[in-house]
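Worksheet: one structure, shown below.
No lab work stands behind these numbers, since they all come straight from the coordinates. All of these numbers come straight from a predicted model, not from anything done at the bench. Cβ placement follows ideal geometry from the backbone for every residue including glycine, while neighbour counts extend to all protein chains displayed.
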C-alpha cells in the first residue's frame with residue numbers, strides 16, 4: 001500500500017507531504033482544488049508519461065516521491081531480482097524528477113530506472129480507475145488475462161505447464177522450418193565446408209612448420225655463401241703457423257708457465273685455456289657442418305611449393321598456420337553436428353508433430369478449465385451488478401478460437417459481453433453506455449477482480465460520477481468492501497461515498513501573493529461531519545444538514561461493522 005507521498009512544484013502544488021492509511025480513504029473538496037492533481041502525481045510514480053507542463057510555473061523541476069509497502073506478490077519479487085533492486089527494510093521508495101529541459105529521472109530504492117521498467121513496477125503498486133480513461137477492464141485484449149487470474153491454483157499450474165510446452169513446440173518448429181526454408185543455401189554451405197576440410201587435411205599442416213620451411217629454404221638459397229664462410233673461417237682458425245688456434249696454443253703455454261706465481265695469473269691462464277678448447281670445438285663443428293652441406297635443387301623446389309600451398313591457405317582461412325588449424329577444428333565440428341542433424345531431421349519432424357498434438361491437448365484442457373472459470377465469474381459479476389441496482393443486466397463471457405491456431409495462452413479468444421437493459425442484445429463490454437452505468441459496471445468488475453489481482457492500492461477517480469440516491473449508496477458500499485482487501489483512495493463528490501471512508505482528506509486551494517496554493521488536511525470526526533454536510537447542502541450548511549451528515553457516517557459505520565462480522 002501507499003504509505004507516504006511527497007509532491008514539490010507539481011501543477012498548482014508547491015509543496016505537499018501526505019501520509020496514508022489502510023482501508024478506504026476519500027479525498028474531497030471543491031472542484032479545481034487539486035484532488036485529481038494528487039492522483040496524477042501518483043500515476044507518474046506508477047510509470048505514466050509526463051511533459052514539462054506539469055512543472056509549477058516558475059520552477060525548474062518538480063519532484064515526486066512515494067513510499068510503498070513492499071508487495072508480497074512472488075512475481076514482484078522476481079521482477080525486483082531481474083532489475084537488481086535492493087529491498088530497503090519493508091519499503092519501496094519511488095522517486096521521479098521532471099526538469100524544465102524535458103529530462104525525466106526515475107529512481108526505485110535509489111537505483112535509476114527506465115520509464116518502461118518503472119511502469120512494470122507500478123503495475124504491482126497502484127491501479128488508478130478513472131471515469132474517462134480506457135480501463136484495462138474494458139479492453140477486450142485484457143479479458144483473457146483477467147479470466148485466468150480468477151482461476152484456481154490448479155488451473156494456473158496447468159497454464160504454466162502449457163506455456164513451457166508451447167515455447168518448446170515453437171522453438172522446434174522454427175528449427176525445422178529454418179532448415180527446410182534454407183535448404184539450398186544450407187546444402188551449398190555444407191559442400192563448401194567439406195571442400196575446405198578436405199583442402200586443409202590434404203595440406204597436412206603442423207604448428208611451426210612454416211617457420212622451419214622458411215629456414216630450410218634460406219639455407220638452400222644461400223648455399224654458396226654459407227659454404228664459403230665455413231671454409232674461410234675454418235682456415236683462419238686452423239692454418240699452420242698463421243692459424244688462430246696455433247697462436248692461441250702458444251699464448252696458452254706462455255701463461256701456463258707463469259700461472260703459479262700469482263692467483264690472478266692462474267685465473268688468466270685458465271680462462272685462456274678454456275677459450276683455446278672452445279675454439280678447437282668450433283673448428284670441429286665447422287668441419288662437420290661443411291661436410292653436411294649439400295645443395296639439392298629438387299628439394300628447394302619442393303620447399304617452395306610447400307610454402308606456396310601454405311600461403312594460399314593463409315589467404316583463404318587465416319593469417320597463420322595456427323589460425324588455419326583452429327578454423328579447421330571449427331568447421332569440422334560444424335560438419336559433424338550438421339551430419340548428426342541431417343540424420344535427425346526426420347526424427348525432429350516426428351517430434352514436432354508429437355509436440356503439436358500435446359499442445360493441442362493441453363490447449364483443450366485449458367479451454368475446459370476456462371469454461372468452468374467463466375461460469376463462476378459470470379455469476380459473481382452478475383451478483384455484484386444486482387447489488388448495484390442493475391438487476392436486469394446480463395453478463396456473459398464469449399469464447400472464440402484464435403485464427404492462427406494457438407498462442408502462448410492457449411487457443412481461446414475471450415471477450416466480456418453485457419446487456420444493461422431488458423430487450424437489448426448482449427454487446428462487447430467496451431461498447432456499453434457511459435456515465436453512471438459504466439461506473440457501476442467498472443466497480444462490479446473491480447470488486448470481483450481486486451481479490452485475484454492482489455493490488456496494494458486502488459484509486460477511484462470520480463468513478464461515482466452521474467449517480468445518486470440508492471445507487472450512490474450501493475457504490476459506496478462496494479468501494480468500502482474493496483477497501484477491506486486493499487488500500488483504496490477515492491476522489492468523490494458524493495456524501496454517501498465520503499461517509500463510508502475510514503479516513504477523509506480535505507483538499508482546498510488558496511491564493512497567496514498572487515499564486516494559487518493547494519493544501520491537504522486529514523479531517524477529524526467533527527470536521528468530517530462539517531465537510532459531508534457541505535457536500536450535502538452546498539454553500540449553506542445548517543444544523544439539519546450536519547445532523548444528516550452525522551447520521552450518514554454512523555449508518556456507514558454500522559454497515560461496515562456488520563459486513564466485517566459477516567465475513
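At-a-glance table
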{"item": "Per-residue [θ]222 nm for the chain (sum of -39500 (n - 2.57) over DSSP H runs n ≥ 4, rounded to 500)", "result": "-19500 deg cm²/dmol"}
{"item": "Per-peptide average of other Cβ atoms within 10 Å, ordering 485-494, 25-34 highest first", "result": "485-494, 25-34"}
{"item": "Inter-site label distance for residue 513 and residue 139 at 7 Å from Cα along Cβ, in nm", "result": "4.3"}
{"item": "Efficiency of FRET from Cβ geometry, residue 386 and residue 539, R₀ 30 Å, rounded to 0.05", "result": "0.20"}
{"item": "In nm, spacing of pseudo-spin labels at residue 305 and residue 329 (7 Å Cα→C-beta vector)", "result": "3.1"}
{"item": "Mean Cβ count within 10 Å, highest first, over the residues of peptides 201-211, 365-375", "result": "365-375, 201-211"}
{"item": "Inter-centroid distance (Cα atoms) of region 346-389 relative to region 274-317, Å", "result": "81"}
{"item": "Two-site label geometry, residue 193 and residue 547: point separation in nm, points 7 Å out along Cα→Cβ", "result": "9.4"}
{"item": "Ranked by how many other beta carbons lie within 10 Å on average, peptides 245-251, 498-504 from highest", "result": "498-504, 245-251"}
{"item": "Of all DSSP beta bridges in the chain, antiparallel share, percent nearest 5", "result": "75"}
{"item": "Net length gained if the chain between residue 54 and residue 262 were fully extended (0.36 nm per residue, minus Cα distance)", "result": "64.6 nm"}
{"item": "Label corresponding to volume of the Cα convex hull per residue in Å³ when calculated from the structure given, among (i) 207; (ii) 337; (iii) 197", "result": "(ii)"}
{"item": "R0 of 41 Å, Cβ-Cβ distance residue 181-residue 161: FRET efficiency to nearest 0.05", "result": "0.85"}
{"item": "Between 0 and 90°, nearest 10: helix 115-125 axis offset from the chain longest Cα axis", "result": "50"}
{"item": "Taking 84, 561, 286, 125 and counting other C-beta atoms within 10 Å, the order from fewest to most", "result": "84, 561, 286, 125"}
{"item": "Three-way shape call for region 30-147 based on the alpha-carbon gyration tensor, with the a/c threshold at 1.5", "result": "oblate"}
{"item": "Modelled label reach - residue 93, point 7 Å along Cα→Cβ, region 30-74 residues with backbone N closer than 19 Å", "result": "42, 45-47, 62-71"}
{"item": "Spin-label proximity, residue 105 to region 60-99 - amide N less than 13 Å from point 7 Å beyond Cα toward beta carbon", "result": "61-64, 95-99"}
{"item": "Efficiency of FRET from Cβ geometry, residue 404 and residue 521, R₀ 56 Å, rounded to 0.05", "result": "0.50"}
